[in-house]
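Following: one structure in structure tokens, then a few remarks.
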């Protein structure tokens, strides 16, 4: 539990090895969305990269090595078997791993229900009612600040919720080229 590495029991003869880690960023410059009259002004965002962008996309060597290490500790007899697929899960993390369930302070009528820490799916059976409560202005008091709009702007999110493995600040393309991330 201290590494972020895990194995999902086999289904359809597929064993999944994963890492709940700090993840990778994919920095891309885009036109500033709030300044359409200034097309040269750009901001940096991290956009997910998927098999649609690159049919040969594979987890970087650093990630594959971490998964192999997990296999060596949990199911050593499978260590030398080749991986048949490789996927990167892209999360909308927040710095503390809390949800962001609130109206945007600057855009009237824009409501956001996002964020979390990569394991928000387990809240699906109960979170919908709470989101509706928030939309209707009845956010539970105990969650008002926790789910509210952040007081400070964050340039790069590093989720410190205690569940991560690996190291923060890894840049996908640098690692895919065999380099070391410089963030």
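Inspect all residues belonging to region 151-160 and state whether any of them is surrounded by 13 or more Cβ atoms within 10 Å (Cβ to Cβ) and at positive phi.
Taking every residue of region 151-160 in turn, none turns out to be surrounded by 13 or more Cβ atoms within 10 Å (Cβ to Cβ) and at positive phi.
Give region 113-145 a look and list any residue that's closer than 27 Å to residue 5 by Cα and loosely packed, with under 14 Cβ neighbours inside 10 Å, or say none.
114, 119, 121, 122, 123, 124, 125, 126
Quick one: which of 162, 179 is at pLDDT below 90 and either touching a helix residue (DSSP H, G or I) at 6+ places or on another chain (Cβ under 9 Å) or outside any loop (DSSP other than H, G, I, E, B) (or both)? I'd like the intermediate steps shown before the answer.
Details: 162 fails: either touching a helix residue (DSSP H, G or I) at 6+ places or on another chain (Cβ under 9 Å) or outside any loop (DSSP other than H, G, I, E, B) (or both).
Being at pLDDT below 90 and either touching a helix residue (DSSP H, G or I) at 6+ places or on another chain (Cβ under 9 Å) or outside any loop (DSSP other than H, G, I, E, B) (or both) holds for just one of 162, 179, which is 179.
Of the residues that sit in region 14-26 and are at pLDDT below 90 and part of a loop (DSSP other than H, G, I, E, B), which one is surrounded by the fewest Cβ atoms within 10 Å (Cβ to Cβ)?
So the residue we want is 22.
Residues are listed down the side, and each one gets a yes or a no for (1) in contact with a helix residue (DSSP H, G or I) (Cβ under 7 Å, 6 or more places away or on another chain); (2) at pLDDT below 90; (3) outside any loop (DSSP other than H, G, I, E, B); (4) surrounded by 12 or more Cβ atoms within 10 Å (Cβ to Cβ):
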residue: 28; (1), (2), (3), (4): no, no, yes, yes
residue: 35; (1), (2), (3), (4): no, no, no, yes
residue: 48; (1), (2), (3), (4): no, no, no, yes
residue: 53; (1), (2), (3), (4): no, no, no, no
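Given the conditions (1) touching a residue at least 12 places away in the same chain (Cβ under 8 Å); (2) within 20 Å of residue 22 (Cα to Cα), which single one is not true for residue 122?
Tallying (1) touching a residue at least 12 places away in the same chain (Cβ under 8 Å); (2) within 20 Å of residue 22 (Cα to Cα), residue 122 fails exactly one: (1).
Within region 116-159, which residues are at pLDDT below 85, in contact with a strand residue (DSSP E or B) (Cβ under 8 Å, 6 or more places away or on another chain) and outside any helix (DSSP H, G or I)?
The answer is 116, 156.
Could you grab me the full set of residues in region 96-115 that are assigned to a loop (DSSP other than H, G, I, E, B) and free of Cβ contacts under 8 Å to residues at least 60 places away in the same chain? It would help to see each step written out before you state the result.
Filtering region 96-115 for residues assigned to a loop (DSSP other than H, G, I, E, B) gives 96-98, 104-110.
Answer for region 96-115, where residues must be assigned to a loop (DSSP other than H, G, I, E, B) and free of Cβ contacts under 8 Å to residues at least 60 places away in the same chain: 98, 104, 105, 106, 107, 108, 109, 110.
The values are calculated or read from the model by the stated rules, or taken from the named source; none is laboratory data. Keep in mind that what you see is a predicted model, and the values were worked out from it rather than measured. All Cβ positions, glycine included, derive from the backbone under ideal geometry; neighbour counts span all protein chains shown.
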